[in-house]
Amino acid sequence: MTAYSGPVFEMAAKQFEVIAEYLSIPEDARARLLMPKRAVTVSCPIHRDDGTTAVFEGYRVQHHLTLGPTKGGTRFAPSVDLGEVAALAVWMSWKCALVGLPYGGAKGGITVDPSTLSRRELEALSRRYMQEMIPFVGPHTDVMAPDMGTNEQIMAWFMDTYSMYQGQTVTEIVTGKPVSAGGTLGRREATGRGVAHLVRKAADEIKVHLGGATAVVQGFGNVGSIAALELHNMGVKVIAVSDHTGALYRSSGLDIPQLVRHASLRGSLAGYSNELGFDPAEMLTIPCDILVPAALERVIDAKLAADLRCRILAEGANGPTTPEADLVLEQRQGELFLIPDILCNSGGVVVSYFEWVQDLQRLFWEEDEVMRREYQVLDRAFERVLARSKQDKVFNRTAAMAIGVERVRGAKETRGLFP
Ligand code: GLU
């Protein structure tokens, strides 16, 4: 038992054990790599609109500080607990290390359903959370970003709250801000664009022609909606999409630009169409070329892994596939190409890094420069994962995680153990 015990942290620990075995990391060196450096739990009281007081629990976990500041998003969701946040922080570490960013991983969150708060309550909660975190974060300590349930506006409130306490504007304290408040062009689209870009690379690799290929996208938030739009623009027929309100299916392809407009106006897919309604539970097993889980973690278990009917599994979400499902997917490697989460959704943190660099330098780039550099980083990481999996005949997830873990381990070894 640790403070993080729970199903999601156990999953991160099991995945790490697979890598530790593969890399022959000695038993006594494993905990130093896996266990988070710091965890903070805070109570965030706010005035509700009805005059009562409510208290929400918030967390921030910083996994390791070996390569630089920690980096990672902030999740507002009812499922948030310390173990989930810790697992997500660990995954951020392997992700940043895989793509070569000078960061350790972090994650934070509040246990709340943000749709139950008014805008004023959401602002109060966001500001209170950041205010409680001030002793533990900083542009060279820990840099926050958006995640599920948070957005650019919340990042602007975080930045403003931190800045008011410092007596100066500190844009580099968070990434994923609006461009008007020191954000970078291309950050909002970065994760979804990266997913689609890597799907193209995978399709080239296994010789799937994208024109006329079919895709299913689970989750229609910032990641899923942009990934769907980019795939649509590449000529892919997106035949099914879903979010927490339901699923839509059309065998000839959905009108993705119209769906994206609907979701941005209405906040979800609800109310778009009754005729196209579909059982969300069936989403992941629809026969298709490209499957993009871009919602919650642990949606693909061993049984579902055996039933998947896609050729490319592009993990837009963090941790959508359980370690038991991985064993099944590993057996299906010839028929199903996995783009593992820490590679597939890394475009977001890559462009967060660009935002932080631009903020520190007060020198801003054009959007095409941001995209060119994002794709350059993703291409290099994709090639390395592919080369490693071919060379060692290992599963793509094993190759990706091993590259990340090795980098963190190498840095810890050369720095040594203090004192
Ligand atoms: N929350 C995102 C992720 O899981 C982005 C993190 C960041 O940009 O720092 O990768």
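Values as computed for the structure displayed
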| read-out | value |
| --- | --- |
| Filter result (surrounded by fewer than 24 Cβ atoms within 10 Å (Cβ to Cβ) and among the β-branched types (Val, Ile, Thr)) within the range 160-183 | 161, 169, 170, 171, 179 |
| Pick from the range 174-204, criterion more than 12 Å from the ligand (Cβ to nearest atom) and of a type in the set (A, V, I, L, M, F, W, C), ranking: nearest to residue 366 (Cα to Cα) | 185 |
| Filter result for residue 84 (in contact with a strand residue (DSSP E or B) (Cβ under 8 Å, 6 or more places away or on another chain), farther than 25 Å from residue 403 by Cα and of a type outside the set (A, V, I, L, M)) | no |
| Counted residues, the range 75-92 - those being in contact (Cβ under 8 Å) with a residue 60 or more places away in the chain, touching an Asp or Glu at 6+ places or on another chain (Cβ under 6 Å) and not charged (D, E, K, R) | 0 |
| Single match in 103, 59 (criterion: without any contact (Cβ under 8 Å) to a residue 60 or more places away in the chain and under 20 Å from the mean Cα position of the chain (by Cα)) | 59 |
| Selection count, the range 99-129, where residues are in contact with an Asp or Glu (Cβ under 9 Å, 6 or more places away or on another chain) and closer than 20 Å to residue 39 by Cβ | 8 |
| Only listed residue being over 15 Å from residue 67 (Cβ atoms), in contact with a helix residue (DSSP H, G or I) (Cβ under 9 Å, 6 or more places away or on another chain) and assigned to a helix (DSSP H, G or I), chosen from 380, 407 | 380 |
| Residue among 251, 268, 264 that alone is loosely packed, with under 15 Cβ neighbours inside 10 Å and either touching an Asp or Glu at 6+ places or on another chain (Cβ under 6 Å) or assigned to a loop (DSSP other than H, G, I, E, B) (or both) | 251 |
| Flag if residue 379 is modelled with pLDDT of 95 or more, closer than 14 Å to residue 98 by Cα and more than 16 Å from the chain's Cα centre (by Cα) | yes |
| Yes/no for residue 19 being modelled with pLDDT of 95 or more, more than 16 Å from the ligand (Cβ to nearest atom), surrounded by 24 or more Cβ atoms within 10 Å (Cβ to Cβ) and not charged (D, E, K, R) | yes |
| Residue selected from the range 98-144 under the condition of a type in the set (Gly, Ala, Ser) and surrounded by fewer than 24 Cβ atoms within 10 Å (Cβ to Cβ), by the criterion farthest from residue 406 (Cα to Cα) | 118 |
| Verdict on residue 349 being without any contact (Cβ under 8 Å) to a residue 60 or more places away in the chain and either in contact with a helix residue (DSSP H, G or I) (Cβ under 7 Å, 6 or more places away or on another chain) or assigned to a helix (DSSP H, G or I) (or both) | no |
| Residues located in the range 38-58, provided they are within 27 Å of residue 298 (Cα to Cα) and surrounded by fewer than 17 Cβ atoms within 10 Å (Cβ to Cβ) | 38, 41, 57 |
| Selection within the range 22-33 - farther than 18 Å from residue 64 by Cα and surrounded by fewer than 11 Cβ atoms within 10 Å (Cβ to Cβ) | 24, 26, 27 |
| Output for the range 226-240, where each listed residue is crowded, with 24+ Cβ neighbours inside 10 Å and within 14 Å of residue 264 (Cβ to Cβ) | 226, 228 |
| Residue in the range 282-301 that is surrounded by the fewest Cβ atoms within 10 Å (Cβ to Cβ), counting only those that are under 22 Å from the mean Cα position of the chain (by Cα) and without any contact (Cβ under 8 Å) to a residue 60 or more places away in the chain | 301 |
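The values are calculated or read from the model by the stated rules, or taken from the named source; none is laboratory data. Quantities reported herein were computed from a predicted structural model and do not represent experimental measurements. Positions of Cβ are backbone-derived with ideal geometry, glycine not excepted, and every protein chain shown enters the neighbour counts.
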